[in-house]
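This report refers to the structure that appears directly beneath it.
Read-outs throughout are calculated quantities, based only on the coordinates presented, and are distinct from any laboratory measurement. All of these numbers come straight from a predicted model, not from anything done at the bench. Every residue, glycine as well, gets a Cβ built from its backbone with ideal geometry; the counts of neighbours run over all protein chains shown.
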Protein chains: 2
Amino acid sequence: MSTEDKKRRPFFYDVTLRDGNQALRHPWNLYEKERVFKQLLKLGVQGIEVGYSGASEMDFAACEHLAKMAPKDVIISGLARAVERDIVMVWEAVQHAARPRIHTFIATSPFNMENVLRMSPAQVKEKAVKAVALCKSVMGGKGTVQFSAEHFGDCRENLDFVIDLFHGVVEAGADVINLPNTVERYRPRIFVDMVEKVARALPPRVTIAVHTHNDLGMATATTVESYFGGATQLETALNGLGERAGNTNMYEVACALANCGEDVPLNMEEIFETAILVSDWARVPIYEKAPLVGSDVVAHRSGIHQDGAAKTKGMKKGAYRAIDSGMIGRKEGDRLGFTSQSGKTAVFEIIRGLGLPITLPEAAALQPYLKKLSEEGGRGELRDEDILKAYDQEILNVSGPLEFRGFRVEPNEKEFYFDVAWQGKAHALAGQGTGPIDACMHAVEKIGLYFHLIEYSQMALDIEHLDFAAYALSEIKLQRKPGPGGVPGGAEAIGRGKDLDTIKANVRALFNGMNLLLR
Amino acid sequence: MSTEDKKRRPFFYDVTLRDGNQALRHPWNLYEKERVFKQLLKLGVQGIEVGYSGASEMDFAACEHLAKMAPKDVIISGLARAVERDIVMVWEAVQHAARPRIHTFIATSPFNMENVLRMSPAQVKEKAVKAVALCKSVMGGKGTVQFSAEHFGDCRENLDFVIDLFHGVVEAGADVINLPNTVERYRPRIFVDMVEKVARALPPRVTIAVHTHNDLGMATATTVESYFGGATQLETALNGLGERAGNTNMYEVACALANCGEDVPLNMEEIFETAILVSDWARVPIYEKAPLVGSDVVAHRSGIHQDGAAKTKGMKKGAYRAIDSGMIGRKEGDRLGFTSQSGKTAVFEIIRGLGLPITLPEAAALQPYLKKLSEEGGRGELRDEDILKAYDQEILNVSGPLEFRGFRVEPNEKEFYFDVAWQGKAHALAGQGTGPIDACMHAVEKIGLYFHLIEYSQMALDIEHLDFAAYALSEIKLQRKPGPGGVPGGAEAIGRGKDLDTIKANVRALFNGMNLLLR
């Protein structure tokens, strides 16, 4: 049934920077790609597709930059259509890596050859073979060539043609044959049968790769089962980012393989933190019920489940746990408590669990304070009140050189007066604006402080327990800028403010954020 | 490999009201359960597990109520531990249905028998057989009995024992044997092999059911493959709701089976609307990249994908589409446009696509207005500007008996003055409060209008295009109440307000919401 081979290990080839990035609402720039790249190195992936260098100058520059900083043991790959321009551009970008790869592709499904490429199968085969030969020739003996038959999952009717094409590209020098389920249309068993057929047909020196999409929610299963069907290179993405419903989720594949006894070559304890960071960087929130990393998946709400979880707490295996969540760096598992041994992800989870917003950098900043609190007088596991108090002091009341003392608004609602102290000296600053935030930012310009507002939101806190006099919680993300009309730059800070008065919550958030940038 | 039988059809047994509900942060009351129940009938499921009647009086009452209103052809089931009290309570609740079922269960995995039940396998078998016999006896020849081996997916080591237990419960009268992957730990093929073994061992009159969870992201695949392995009853949940990472997602299973040529006995065109409604009712947002129903899964962002999508637009099959999205009632597919033929889900998707918040009921209220606009002078497909203008007029400026004319605030920030017209008559109302929302709600009490604030939030609109003078958009959910200190009741309304000034945005939202409840 399966071609399991005990000496074989999965090879994780990450496509977040290419397939993931191309599907983002705000694709990453060079700096942002580097941040993700470094996280992939921390995770210990074996291959990274750094981009589609033909897409834009920015993507070319990013590919080149990442190839130059790549460690010796990681394959660095760029995507190219089966055309000379793309192939040459990928090579120019990735040749700086110790283990460069050109990844070229063409669609081989009857539907796509006819309707999108508008070419005959013979023409497609010729183009594929020529492209692989060109890769080999520009690379001059260095690196490896990967060929993908786009829409492979839709090649049931013409699989014999596709295998024939594979023989051609392997003869032309392809080292890796990638089988993409470009659009998920059927079910894993149908795809895996095709993978097995290809694996049997090609010489053993050829690496079989699978690249699956999640249109029907079965990408993880298809990739996992394909591994047991003979595919070694698994193309996955952080947080399952990618076109439409995404690419295959790396974390799910890694945990399933580990649970099935396979030797997973990843630093899996980095998974949980990576998921939180990538969610922020991609501006794609983690679904609360996302397997392994969702905020809600460690909760047990029914009595029967709570009983089972309690009776197996502390055991390596839990009655209602798929994994020991320490395996992915989510140390607290079924229930959370902060002790001096807890890290920033524990802070992050506990505070989110209390219904309050926080980012991972804020959690990291708060952790030493909580650690100290837990150690003081052997207090041990902190109570929720202790943690809420710390949040109040360290996040909602940031101390710094700019002190907010009060404000008032003129009845005409256009002019606001702010009493502040700047580096210990009192000022009464007037500011006009369309509202208090705008007015406050104009007011502090009078003492030479220039800021740029990136994002703003406000929510009601604890609304269920009150009538209509609830706390408002504001979140303001800002950056400094050099002067009026200047280009904002440097670090970003998030200021949070809480008040019964929605206006004051905004002003407090603004002052907290400004102090984080000023101190 | 598979035991496909062309005359066999999948039987959809829905567990949203039981497994889904027990995992909610705010479990549903009787009214809310009825709302979901009716939606399940619209979808045309074959069986509904209405609750765990032993859990609480409320859940018992809901089970009884839904059993009484059930149509003749739908199986109505309640869950019972293998104990007399639970079994009797289920029967009292479900006996009113034309096709009642008791669903009883006990754990059969070595780990759970030892650590949670703390019973020997022989004791577990005895308890299971007795429970099924008791079901048969209380039911007096009516209905059907379903037995579940909880943690079946973790019974690889003792499968022979479990099959022996199944023979016992079948002899005692079980009609359906359910195989739950209570916690997803391995991979689909391992589970399906076990399903096939059970299916071969039991007499053909016994229905094999599967009930899978999504801990590693493979629940859909496991259920789909189990169907081809001999399971007929598929236990799924709306939106994949359920403990931890959820139960099997009904929509994904239905679409995968349909794509594989199976005869899916559901009104699949209700899926998209159901997903949006259930997300609101469960207070669990739809992940933007959720297969089939996520807001982002119909977008194509890379040039290659956009080209393929454009070349296959209007075809039944698309280059980058898993399904023709009309199949699930998402009529617009790859690209959205409002015409006189478009319904409320189109309005919902277009407005969300423009970055504005809206609920399905708001979209339904806006649809006739847009339809008329589209028909006027043969305008056809509306432009984004037309839709934004309609949103502005109908949602951000609700006309009604209470007119907001202006307000001012005292420099002491505690007293607000509101100029309003109530049923055409002008009033100047003063209100005190912790902020403008609070003050405004107190102010209108002076003309006899009492409201209860349920939820409040504010966000910045279009922030990326401006410096820091952006629009604020407030959302206020409220209900009426009979007087001071009265219990709020009746319909809920969402008021939205937009203004450059964050305070005015709140006040406008409040007046819009109040008018929706007053008119």
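In table form, for the structure just shown:
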{"item": "Surface/4 of the Cα convex hull for the protein assembly as shown, nm²", "result": "43.5"}
{"item": "Computed P(r) (all Cα pairs; the stretch A:422-519; 5 Å bins; percent)", "result": "3, 13, 21, 24, 18, 10, 5, 4, 1, 0"}
{"item": "Virtual spin-label span in nm between B:His167 and A:Glu84, 7 Å along Cα→Cβ", "result": "7.4"}
{"item": "Among A:Ile494, A:Ala309, A:Val176 - extreme Cα towards positive end, dipole of the protein assembly as shown, charges at beta-carbon", "result": "A:Val176"}
{"item": "R0 of 51 Å, Cβ-Cβ distance B:Arg8-B:Lys446: FRET efficiency to nearest 0.05", "result": "0.15"}
{"item": "Electrostatic dipole magnitude of the protein assembly as shown [Cβ: Lys, Arg +1; Asp, Glu -1; Cα centre; debye, to 20]", "result": "860"}
{"item": "Percentage relative contact order, chain A, counting C-alpha pairs under 8 Å, at least six apart", "result": "9"}
{"item": "Shape metrics for chain A, restricted to C-alpha atoms - Rg then Dmax, Å", "result": "27.1, 82"}
{"item": "Calculated label separations, A:Gly343, copies of the chain, 7 Å along the beta-carbon direction, nm", "result": "4.9"}
{"item": "Per-residue [θ]222 nm for the protein assembly as shown (sum of -39500 (n - 2.57) over DSSP H runs n ≥ 4, rounded to 500)", "result": "-11500 deg cm²/dmol"}
{"item": "Cross-link table A:Lys68/A:Lys130; A:Lys289/A:Lys316; B:Lys344/B:Lys481; B:Lys72/B:Lys142; A:Lys504/B:Lys504, entries beyond 18 Å C-alpha to C-alpha", "result": "A:Lys68/A:Lys130; A:Lys289/A:Lys316; B:Lys344/B:Lys481"}
{"item": "Principal-axis tilt of helix A:384-394 within chain A, Cα atoms, nearest 10 degrees", "result": "80"}
{"item": "Whole-Å semi-axes of the ellipsoid equivalent to the stretch A:242-329 (Cα gyration tensor, √5λ, descending)", "result": "24, 17, 11"}
{"item": "Potential extension, B:Ile190-B:Gln393 segment - 0.36 nm per residue separation minus Cα distance", "result": "67.4 nm"}
{"item": "Calculated label separations, A:Lys197, copies of the chain, 7 Å along the beta-carbon direction, nm", "result": "3.0"}
{"item": "Computed over the stretch A:215-346: relative contact order in percent, which uses C-alpha pairs under 8 Å that are six or more apart", "result": "18"}
{"item": "Those GluC sites (Glu not before Pro) in the stretch B:134-179 that DSSP places in a loop and that have at most 12 other beta carbons within 10 Å", "result": "B:Glu157"}
{"item": "Helix axis angle, A:436-445 relative to chain A longest principal axis, alpha carbon, degrees", "result": "80"}
{"item": "Rotationally averaged projected area of the stretch A:269-312 (alpha carbon convex hull; nm²)", "result": "3.7"}
{"item": "Rounded FRET efficiency, nearest 0.05, which uses the C-beta distance separating B:Lys313 from B:Ala430 and R0 of 51 Å", "result": "0.30"}
{"item": "Antiparallel DSSP beta bridges within the protein assembly as shown, percent to nearest 5", "result": "50"}
{"item": "Modelled FRET efficiency - R0 30 Å, A:Val138 with B:Glu385, Cβ distances, 0.05 increments", "result": "0.05"}
{"item": "Per-copy distances of the A:Pro110 label point, shortest first, in nm (7 angstrom along Cα→Cβ)", "result": "5.0"}
{"item": "Percent of alpha-carbon pairs separated by more than 13 Å within the stretch B:139-193", "result": "62"}
{"item": "Relative contact order %, the stretch A:341-440, counting alpha carbon pairs below 8 Å whose residues are six or more apart", "result": "15"}
{"item": "Alpha-carbon Rg/Rh ratio, for the stretch A:23-80, with Rh computed the Kirkwood way", "result": "0.94"}
{"item": "Dipole magnitude of chain B about its Cα centre (Cβ charges: Lys, Arg +1; Asp, Glu -1), debye to nearest 20", "result": "980"}
